[in-house]
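Read through the structure below, which is laid out as structure tokens, and then see the notes.
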There are 2 protein chains.
Amino acid sequence: MELIVNDNMLSELGKKFMALKSASGTHSPSMLTILEKIPDLKIKVDACFLSNPYATDLFLEYFNNELLKSKKISRVLEFYPSQNSVIADLLGEHLGINPKKIFVCNGAIEAIQAVMHQFVKGKVVINIPTFSSYYEFINKDSEAVFYTLEKENTFILDPEDYISFVRKIKPNSIVIINPNNPDGGYIKYQDLKRIVEELHGIVENIIVDESFIHFAFENSDLELKSIIQLTDEVSNLIIIKSMSKDFGIAGIRAGYAVMDEEKVEQLTSNGYLWNLNGLAEYFFRLYTRPDFRNKYEEIRKKYIIETLIFISELNKIRNIRVYPTKANFVLIEILDGRTAEEITNTLLIKYGIYVRNCSDKKGLKGQFIRLAARSASENDQVLLTFRDLFE
Amino acid sequence: MELIVNDNMLSELGKKFMALKSASGTHSPSMLTILEKIPDLKIKVDACFLSNPYATDLFLEYFNNELLKSKKISRVLEFYPSQNSVIADLLGEHLGINPKKIFVCNGAIEAIQAVMHQFVKGKVVINIPTFSSYYEFINKDSEAVFYTLEKENTFILDPEDYISFVRKIKPNSIVIINPNNPDGGYIKYQDLKRIVEELHGIVENIIVDESFIHFAFENSDLELKSIIQLTDEVSNLIIIKSMSKDFGIAGIRAGYAVMDEEKVEQLTSNGYLWNLNGLAEYFFRLYTRPDFRNKYEEIRKKYIIETLIFISELNKIRNIRVYPTKANFVLIEILDGRTAEEITNTLLIKYGIYVRNCSDKKGLKGQFIRLAARSASENDQVLLTFRDLFE
């Protein structure tokens, strides 16, 4: 398992990695950036990366068959993609949502930016730990009010407590990521529906990020339960959806948001004209096709089941604590006295396993790393390594 | 030359096309959108599309050799691209510009949007005819003041007259596209330098869009003359650069802007984190490589020469007037009494040649179409058709 590196190399590569990490702000440097900047570093498993690898394979299968063999790829690269509204029309039909309520975007991060800049004014309640862009992208005149998900409650959001917190703060907006990042904590459909119904009258915007919802489920059919249809009744509900994770295509940059027609109009009337690239357009067209969706459903469930097995094995390992998750990753607390930084660097440099050091995450007290589920064989490598490292 | 269509089909397809055009606002529907929505329409030459086709071929050659054959494409699609600043570092070195002054963007349109939304406050002088996004993307509290490029002066900007206009208006910002779209009118380096030097003290932002500068030249070496280096001395000069046209990769969405460090910081400190996709990152890496640049320089010049020949042939055709251009397109006035709409539809439906009907362009009095130079053989088809149609 172990890569052959001596202590000097360990410290040298560790320093380089820490410098790279520090240059990436509150995010992790991508694997491509690491490969370029520290070519000596051999990454065997990128368990920092939150993405279904089987979905990538499925997309590549279509990409090869439909774009490469036919040479259609040249058109996709050469010509302007369709305008935003053309792709919203396609998506609307597929999702059963009025297309005028759909804002397609260059990765969910573009929708996060647009929503936080244009619609969030004043106080915004953000649950921590969280995906940092939600508080980093607020306007100067906005203020993030943090609602702490307690380690003692295994980071699970208590709907009653949350509702009374929001009632007390009276913010302009609230942000909920479901399942949450970095812990994977899941709010059940009925609970989230209740939160929306209780709070939509007292806040201007309810922002729900469902980027990891394809990995969550409430019964043994593993069906996904999105609250997207609630946007029909609740006009100030905004749903943000990345396609990078569930469809394994982060490099393509594809996402969408569902929000009130007027808000979409406000965004697209003076911007966001050609914000999808040709491959993102191809992906969205594929996404609406039954043949692709049926195959995708199979590998979505396969990945969920493998992830469940992976987590149950992780749970057996001593000296770490694995927090409950319904996403494709777990938050792990290190209990043997070593720091998250030490573990992250050792995993990366000595074992070639890249995980997310969560030391920079607001609201986390203790030593935490976030570990993504990958393919079954990669998960096995991770398990072997973790047993080696912690037991 | 002529496609076999009867009058019924002509009117039917014409109606469908006009509906599509109207749904695209002040822009033309892309060829891919047309192909999808009106499959009966056979487009032989897309002369609406402002792009060097030889550059597309060159990019595809690299794409095939470096990404497809090696299977590296899967990484490009699967993983997150590098953050904005990583690519700015690469570009800065190549352009000889401080990378902190570079804002890489998801097509130049993203920079146009960012600049018009964030930095332009109050009056902005925009020369018409123009690329409509410049006035469409202004804030509600901004006001576009149009400086008309006169047909009588063949749409050429007179530096003296322009400078005194701006001095009189005292705007917050000015926008100059060089060469201009849709006429291709070119302001010489020395004249533009003078405009910048005269006006930088009296306006907050001088926005110069050099998206077509690779097609312009001032001597028989066909060297391009960008004013990008002036940003070193003139801190309120903003250069916007699309890569879609000169590099023939509109589907990839790649562009950059050069502006004051503080402005870049203002944009990237709370947004634009992963706004380039994996292929755009690949393109920018390619763009900085000498082997690619040398080959590109050859085909850039080849395309300019062919465009010069094409335009000189167009100039001989009766009943149209071809306005002077240093871009890869020409603005053509129809002098035989037919309307631009009639000519556009006839060209598209009867001959399969897609041109830009300029009827919706502010500041154009008369019947105008914009015609792009394509490959030499496509240009020949266009010439045959134009002779057929106008003589």
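The values are calculated or read from the model by the stated rules, or taken from the named source; none is laboratory data. Please read all numbers here as calculations on a predicted model, not as lab measurements. Reconstructed Cβ throughout: ideal geometry from the backbone, glycine too, with neighbour counts over all protein chains shown. Surface accessibility is based on the protein's heavy atoms, side chains included, excluding ligands, DNA and RNA. Shrake-Rupley method; radii C 1.70, N 1.55, O 1.52, S 1.80 Å.
What to note about this one:
- Sequence-distant contacts, meaning Cα pairs under 8 Å at least 6 residues apart, place the relative contact order of region B:80-289 at 28 percent.
- Pairwise FRET efficiency - A:Tyr62 versus B:Phe146, Cβ, R0 = 51 Å, nearest 0.05: 0.60
- Dividing the convex hull volume of the alpha carbon atoms of region B:199-270 by its residue count gives 102 Å³ per residue.
- Interface of B with A. Using a 1.4 Å probe and counting protein heavy atoms only, the two chains hide about 5000 Å² of accessible surface, both sides summed.
- Neighbour cut-off at most 15 other Cβ (10 Å), DSSP loop, GluC sites (Glu not before Pro), region A:176-236: A:Glu204, A:Glu218, A:Glu223, A:Glu233
- Computed over chain A, the per-residue total of -39500 (n - 2.57) for DSSP H runs of n ≥ 4 gives a 222 nm mean residue ellipticity of -12500 deg cm²/dmol, rounded to 500.
- Kirkwood-Stokes translational diffusion coefficient of region B:1-110, alpha-carbon pairs, 20 °C, 1.002 mPa s, µm²/s: 117
- Three principal axis extents of region B:80-289 based on alpha-carbon atoms, in descending order, are 49, 44, 30 Å.
- Alpha-carbon geometry of the protein assembly as shown: the Rg and the Dmax are 27.4, 88 Å, given in that order.
- Stokes-Einstein D for region B:292-337, Kirkwood Rh over Cα pairs, 37 °C, 0.692 mPa s (µm²/s): 275
- Legend: mean number of C-beta atoms from other chains within 10 angstrom of residue C-beta atoms, peptide B:52-64, equals 2.
- Relative contact order for chain A: 25 percent, from Cα pairs under 8 Å spaced at least 6 residues apart, divided by residue count.
- Cβ-based net charge around A:Asn106, under 14 Å, with every Lys or Arg adding one and every Asp or Glu removing one: -1
- For region A:268-308, a drop of 40 Å² or more in accessible area on going from the chain alone to the assembled protein chains (1.4 Å probe) is found at A:Asn270, A:Leu273, A:Trp274, A:Asn277.
- Shown for region B:108-232 is the translational diffusion coefficient from the Stokes-Einstein equation, using the Kirkwood radius over Cα pairs, a temperature of 20 °C and a viscosity of 1.002 mPa s: 145 µm²/s.
- Computed over chain A, Cα set: Rg, Dmax in Å: 21.0, 61
- Around A:Ile213: net Lys/Arg minus Asp/Glu count, Cβ-Cβ under 13 Å: +1
- Cα-centred dipole magnitude for region A:81-289, charges only on beta-carbon of K, R (+1) and D, E (-1), debye, nearest 20: 400
- Based on Cα atoms of region B:78-159, Rg over Rh with Rh as the Kirkwood radius reads 1.11.
- Relative to the other identical copies, B:Asp336 shows label-point distances of 8.4 nm, where the label point lies 7 Å from Cα along the Cβ direction and values run shortest first.
- Shielding value for A:34-41 is 1, the average number of Cβ atoms from other chains within 10 Å of each residue's Cβ.
- Mean-position separation - Cα centroids, region B:234-298 and region B:69-98, in angstrom: 10
- For region A:137-214 versus region A:115-131, the gap between their alpha-carbon centres in whole angstrom: 10
- Across peptide A:244-257, the average count of Cβ atoms from other chains found within 10 Å of a residue's Cβ is 4.
- Calculated FRET value between A:Lys301 and A:Glu204, using beta carbons and R₀ = 30 Å, to 0.05: 0.20
- Pairs beyond 32 Å (Cα-Cα), from B:Lys263/B:Lys301; A:Lys44/B:Lys69; B:Lys100/B:Lys302; A:Lys193/A:Lys245; A:Lys188/A:Lys263: B:Lys263/B:Lys301; B:Lys100/B:Lys302
- Between copies, the label points of A:Lys316, set 7 Å from Cα on the Cα→Cβ line, lie 8.4 nm apart, reported in increasing order to one decimal in nanometres.
- Fluctuation leader among A:Glu342, A:Glu281, A:Glu143 - chain A, Gaussian network, Cα springs under 10 angstrom: A:Glu342
- Local electrostatic count at A:Val76 - Lys and Arg +1, Asp and Glu -1, tallied over other residues with Cβ under 11 Å: +1
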